Ligand SMILES: *Cc1c(COP(=O)(O)O)cnc(C)c1O
């Protein structure tokens, strides 16, 4: 074995956790679990305990951990070339661009690495489009966003977050953004001015607590944007790539965007790969030198992303996600635990909201003890977003483990949930 892997293998879980705390910035508060191996829908800690991975890397592991097809593709590419630069062309990037446009039914793509970069790219495209095509006066472009959004962590993106902690002490913030309540079409209409460049929203607010807009909102928003010559930008970084039972969540209604932000599952659970896709009209505003990224569209990332998309098609992952997501939500809805406030989901993006006063820390520990990895989003909602390759038996097993975990909390704390 390689000496690096040997050093890593020698660490106990406790040592790894202590070392992370010592040398790493404390910008996360992880579960008390140290993962040393993962395959398919499962992950293992150093003591050999096996977990259903229902965090699914925040939906980035749609194809399952270490999908053989994706890993084989990556290994084969490593015998050719992994990184060049955008100073030259590569055949890998060419084929990736064609595939991502075909998969999304869009005309052009701009490759990046992380989700936040894709959102930043979309903001730059929308602003430049508004000045050079729509005719908005210089530096006056406005972008309408939703309350409780999550679009990433850069200074510009947190500037339009409504989560105070995301912004506090990180100013001065970027101007040019308005916020409306999520799903409120009248509020969008009232906020549009001649300076509005775009509306940027998630079709389903995953980080916000698996929140859905009212039925018809997405389609109506599409119409309102078209009528006002405003770009519609869907951030599908978490909801995209079959997660909600369609390739993209906007497909649940007639709501095709002008620009769409992609990330997470585009990297096949292996590498960071993101992109903005959209119409030629909008993408064409970028001229050489306007934007870029050293690693964006690199050959290794390109082939991994192609493999991820091909496998999603070949294995009909959107159908599986739809079917098993329905099963998971309906099984969870049958549970009678008094601490459950709500179960909601679309495809394999399922939220279990518990009532205020529930001991969520205890519940979280019970999930771990029962072998399920899940973490609360905002607002007491536990997210279940397992790989889309799971089976019906997996869903039933996960529901059993969730039930056992809820039993523990209910037994320990019956009075706190009476209200
Ligand atoms: C995760 C996420 C992002 C940010 O992606 P990063 O790769 O973490 O930068 C943006 N938008 C949504 C909806 C996300 O879920």
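Coordinate-derived values only; no laboratory data. Note that this is a predicted model, so its numbers are computed, not measured. For neighbour counting, all protein chains shown are included, and Cβ atoms are generated from backbone atoms with ideal geometry for every residue, glycine included.
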query = What ranking, highest mean first, results for peptides 131-138, 96-103 when packing means the other Cβ atoms within 10 Å averaged over each residue?
reply = 96-103, 131-138
request  = Determine the calculated [θ] at 222 nm for the chain from helices alone, applying -39500 (n - 2.57) to every DSSP H run no shorter than 4 residues and normalising by the residue count; nearest 500 deg cm²/dmol.
outcome  = -11000 deg cm²/dmol
ask   = Which peptide among 15-22, 60-67 comes first, and what is the full order, when sorted by highest mean count of other Cβ atoms within 10 Å?
value = 60-67, 15-22
query = What ranking, highest mean first, results for peptides 253-259, 73-79 when packing means the other Cβ atoms within 10 Å averaged over each residue?
reply = 253-259, 73-79
key: the range 170-230-the range 32-66 distance, computed between alpha-carbon centres (Å)   = 34
query = In nm, to one decimal, how far is the residue 174 label point from the residue 396 one, both placed 7 Å along Cα→Cβ?
reply = 4.9
note = So, for the Cα atoms of the chain, Rg and Dmax in Å stand at 21.8, 66
message = Given contacts defined as C-alpha pairs under 8 Å and at least six residues apart, what's the relative contact order of the range 225-373, whole-number percent?
response = 21
query = Based on the Cα gyration tensor of the range 68-314, what are the three equivalent ellipsoid semi-axes, each the root of five times an eigenvalue, rounded to whole Å and given largest first?
reply = 30, 20, 17
remark   = In vacuo Debye sum over C-alpha of the range 199-332, base-10 log of normalised intensity I(q)/I(0) at q = 0.15 Å⁻¹, listed in q order, is -0.83
